[in-house]
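Shown next, in structure tokens, is the structure this report addresses.
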């Protein structure tokens, strides 16, 4: 890859993205083995540095690193010097002194991953920085879409929900458009970006109108604090207008599928029967997440096949 770090999808070429996806497909085979481990990163030390709560992403990265035989150190903010006032740059200097090979960071501030990358010789993988980007989530979503449809050109993908605050939406929009897909977004006007025209996507406010046109419907998790701040009137109204309900998905194309980056608010943005139904690719996304993150770590840590 041309860059030492993976800080976002914006700026990656189609060739770059396909390198991640192709390698991830190969690592799926490793995960199917009785002993799903390869010594590709033996002797490497990977640090997960999560300043925000995470379950799936942090576990997925940890499993991926261990499947590649790397040593993994998980950073816990509750037991760290950060709660005593240590800055991100202080943390970076201490990391550098410990001679780790790579850092996976999640932080609430956009650009935090770049700040860290600028200070370290170790490679840095952005696991989500504020409302900016979440590149590995987008890559695993792209991997899942390619498995289902085998192409991106001409494919129509609709992202539903809180687009304005979603790093997942931003990274997916960049990746999908780079690979030739058509992208639409749908949600309440208060949850769409102010300068939406710069994304060059179709904009819908009526999900019942939009859902009939797209091959992939990706629902985003609604952060309940948005309702408390008055960005939409009530949870019930949001579900009625933008939730993927049993009745609403009957309007989808016969071969269309449903995705969700998780964690899901069942009964709000997606009904339990829909999340677990035959149109859902949600569990496939989770499985692909480990293989995709194995590919990312292999590439950026300089992995070797023995």
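Summary table below
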| read-out | value |
| --- | --- |
| Of all residues making up the stretch 55-74, the number that are in contact with a strand residue (DSSP E or B) (Cβ under 6 Å, 6 or more places away or on another chain), touching a residue at least 40 places away in the same chain (Cβ under 8 Å) and not in a helix (DSSP H, G or I) | 1 |
| Residue match in the stretch 169-188 (condition: more than 25 Å from residue 271 (Cβ to Cβ) and free of Cβ contacts under 8 Å to residues at least 12 places away in the same chain) | no |
| Residue match in the stretch 132-140 (condition: over 25 Å from residue 22 (Cβ atoms) and touching a helix residue (DSSP H, G or I) at 6+ places or on another chain (Cβ under 8 Å)) | yes |
| Criterion: buried (at least 16 other Cβ atoms within 10 Å of the Cβ), under 23 Å from the mean Cα position of the chain (by Cα) and not in a helix (DSSP H, G or I) - qualifying residue of 100, 124 | 124 |
| Conditions (1) more than 22 Å from residue 187 (Cβ to Cβ); (2) out of contact with any strand residue (DSSP E or B) (no Cβ under 9 Å at 6 or more places or on another chain); (3) not assigned by TED's automatic domain parsing to the domain that holds residue 74: number failed by residue 149 | (2) |
| Test: residue in the stretch 247-254 that is in contact with a helix residue (DSSP H, G or I) (Cβ under 8 Å, 6 or more places away or on another chain), surrounded by fewer than 19 Cβ atoms within 10 Å (Cβ to Cβ) and within 30 Å of residue 63 (Cα to Cα) | no |
| Within the stretch 145-263, strands (runs of 3 or more DSSP E) holding 2 or more residues that are at pLDDT 95 or above and under 19 Å from the mean Cα position of the chain (by Cα) | 156-160, 182-186, 216-219, 257-259 |
| Any hit, the stretch 142-152, residues being closer than 21 Å to residue 251 by Cα and buried (at least 20 other Cβ atoms within 10 Å of the Cβ) | yes |
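The rows are residues; the columns are (1) surrounded by fewer than 19 Cβ atoms within 10 Å (Cβ to Cβ); (2) farther than 19 Å from residue 136 by Cα; (3) more than 22 Å from the chain's Cα centre (by Cα); (4) modelled with pLDDT of 85 or more.
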{"site": "35", "(1), (2), (3), (4)": "yes, yes, yes, yes"}
{"site": "48", "(1), (2), (3), (4)": "no, no, no, yes"}
{"site": "57", "(1), (2), (3), (4)": "no, no, no, yes"}
{"site": "68", "(1), (2), (3), (4)": "no, no, no, yes"}
{"site": "76", "(1), (2), (3), (4)": "yes, yes, no, no"}
{"site": "80", "(1), (2), (3), (4)": "yes, yes, yes, no"}
{"site": "96", "(1), (2), (3), (4)": "yes, yes, yes, no"}
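The values are calculated or read from the model by the stated rules, or taken from the named source; none is laboratory data. Bear in mind the structure is a predicted one, so any value in this text is a computation, not a measurement. Quick reminder, even Gly has a Cβ in these numbers, built from the backbone with ideal geometry, and neighbours come from all protein chains shown.
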